[in-house]
Each structure stands twice: as structure tokens, then as C-alpha cells.
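**Q** One structure coming up, written as C-alpha cells, with questions to follow.
Every number in this text was worked out from the coordinates using simple rules, so none of it is lab data. Because the structure is a prediction, the values reported are computed rather than measured. All Cβ positions, glycine included, derive from the backbone under ideal geometry; neighbour counts span all protein chains shown.
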Amino acid sequence: MKELLEKWEKFLTESGLSRLYQHMMEHDSAILSAFRNEYVNKENYERSRELKAQLLSAGYGVTKVDGSYVENFETPEAIEVAEQSLFISNKGSDADFINEIARLGEEYEQDSVLIIPEGGQDAYLLGTRQGNDFPPHGQQITVGNVKMGGEAEFMSRVKGRPFVFDEPVVETYEKLSKNSRWAVKKLVERAKKRNTKQ
């Protein structure tokens, strides 16, 4: 029984990688987080819920991933720092996708967002925080082509594997239940109110 469960988990993991790859081949994609070190965990998760609601209401496909950064990469002091991130698929081919992701990166105080052009080639970090050195605001730093299953200084992972998803199916606003759509609408309204107060 244990062996059967391990095989099933491996199948789901590989399926998640395959679906992620398929989305990257067919659409522009991005990875974005709402987490910041200066907020407590509860606040970070609430910010992430609001961000996800805004993305879903804009018509994008969204799924959670664990974003991570390895401090002191390739040294004996290397340590991986993880945070919840969102993989976003421009499934509706929104012409303003990159600008919208950059705007949300600024709104949620992120140093950068990861943009993955359709086909997975020439992915880049786009600076979204004023006064930041790496990458500078509005500037791009190429990180290369998508590499499924490989480890690097910056990566997304779930269950210990790079680009493995908790939710193998990308959510869309259209597929949400009536109650979930209502919740998305309320979270977006709350985020808009917060932004008009600032």
C-alpha cells in the first residue's frame, strides 16, 4: 500500500510539472508574491488572498507555488528561504499582462516579479520597488530559459521539487463557485479601498 501511495504522489508531482510547463509553452506567465518580511504570517497570507482575488477577477489562471531564494547560494552557508508565491498564466492573452503584473508587484511591495514569456525562453526579473538595487525599478535582469526540475538560486517548489504545484489545476474565475466569486469580489473591493486610502 505504501509503495502504491508513493507512486501516486510521484505521478501527481510529475503531472503538476507537466501542466506548469504546458501553461508556460502556451501563454505568457509570471510568478509574484504578496509576502514581505516586515509583515507577520497572518497578514502575509491575507495579502496573498487579496492578490489572488485580483488576479482571478482580471481573468488570469492562478495557482499557488512555494517561491524560494537561496541566501549565500553555492557556499557552505547556503540556506533556502521560502514564501508563498502565485504562478499566473495569461490564458486570455491580455495585451497588458506584463504591465498589470508589474503594477501588482509595486502594490504588494515586491522587489521584483518573474516574467516568463510564452515558450519559456528568456525569462526575466522585472524590478518593481522604488530605490531597490537588485533589480533596479523598471529594469529587467534575464534569468534564462525555464528548467523543469532543476535547482537554482531562485526557484519555485512544492513538496521539495522545483515547480511542483499544490494545486495541479490552474484556477480561473469562471470555474469558481458562486460563493467563491463573491469572496473574490469582496477581497478585490477591500484591496481597492486600501489603495485609495494611501
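**Q** Test of understanding: ordering LEU176, LEU125 by Cβ neighbours within 10 Å, fewest first, what list do you get?
**A** LEU176, LEU125
**Q** Please report ASP96, ASP111 as a ranked list, fewest other C-beta atoms within 10 angstrom at the top and most at the bottom.
**A** ASP96, ASP111
**Q** Okay, next question. In what sequence do HIS137, HIS27 fall when counting other Cβ within 10 Å, fewest first?
**A** Fewest-to-most Cβ neighbours within 10 Å comes out as HIS137, HIS27.
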